[in-house]
1. Would you kindly state how much longer the chain becomes between ASP102 and ALA82 on full extension, computed as 0.36 nm times their sequence separation minus their alpha carbon distance, in nm to one decimal?
2. Pulled fully out, how much extra length does the chain show between VAL35 and LYS121, if you take 0.36 nm times their separation in residues and subtract their Cα-Cα distance?
3. Tell me, in nm to one decimal, what length is gained between ILE211 and ASN54 on full extension, where the rule is 0.36 nm per residue of separation less the Cα-Cα distance?
4. What nm distance separates the two modelled labels at LEU26 and SER169, each placed 7 Å from Cα along Cα→Cβ?
5. Round to the nearest 0.05 the FRET efficiency obtained for PHE71 and LYS43 when R0 = 35 Å and r is the Cβ-Cβ distance.
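None of the figures in this text is laboratory data; all of them are computed from the coordinates on show. Note that this is a predicted model, so its numbers are computed, not measured. When we count neighbours, we look across all protein chains shown, and the Cβ atoms used for this are built from the backbone with ideal geometry, even at glycine.
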Amino acid sequence: MNDDTPAADSKGWMTNPWVVGFSLILNVLSLAAGVYFYIASQKYRELAFYVHPNRASIVTPHVSTDIHVLFNGREIEGGVTAAQISIWNRGSESIKREAILDSIRIVVKPPCPILRANIQKVSRSVAGISLSMDRSNEGLVPVSWQILEKGDGAVVQIMYAGTADSQISVVGTIEGQREIFALRFPGQIRSASEQVAKASPNPWLSLVFGIALLTNFWIIGSGLMRKGYPRDRIQATVLAAMLLANTSFLLYLVYPYVLRSVPPFGY
């Protein structure tokens, strides 16, 4: 005898592989959206800096040259190098001048005179970013601003009496931030833009992987509806591991587009 009651129809509809697969996909997308909106809703300050990996050696020590560099009437012996540093607010909350608890400084180690410092690029002029050369002989360049909203910052170029091996960092204390975030990429490449391109996933490749993962979710969901599946604990454990791995990889594909760790105003 056929069971044509509404309850039977509802049960058959809920066990349809297409419905189960579509529901599973919606659940995964909901999880990803939840993670995205949670991160986007958090308010935090995060000052970051990035030292361009390629530095220009203007004068190389121990190499015969006709170029002589004078600083305050004194000839600089050794190397002279130029470097670029990007400084910006990668957090969601603005950083006002009052939030600077200890002055923000570009530091060269070992200490050597900074001959020149200037702002090459600024995200917005209203940020009021400025440099001070008062402590340049100590290898320090204080950086100040009126306000840095999300994505605001500048590219600073310094010329210092040292080699390309000198360590450059940004130090100081921001309210609510333990230390200045240093962005670094592994490897040696020709430009920062190429480095970011290699570190960031290709959007089309991410789309293909995303579609493949969603298809995989649908296949897993369809398998769950097969009678007698999973047959034992081992099969159930493998299935759970596949679901966890697929979900983790899908979140990994989405994560770089949620939190980008590159200067939004370029290099």
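1. Numbers: separation 20, 0.36 × 20 = 7.20 nm, distance 2.62 nm.
Extending this stretch completely gives an extra 4.6 nm.
2. Values: separation 86, 0.36 × 86 = 30.96 nm, distance 3.35 nm.
Full extension of this stretch gives 27.6 nm more.
3. On the way: separation 157, 0.36 × 157 = 56.52 nm, distance 3.81 nm.
Gain on stretching ILE211 to ASN54: 52.7 nm.
4. If labels sit at LEU26 and SER169, their model points lie 5.1 nm apart.
5. Values: r = 44 Å, r/R0 = 1.27.
Once the sixth-power term is evaluated, E becomes 0.20.
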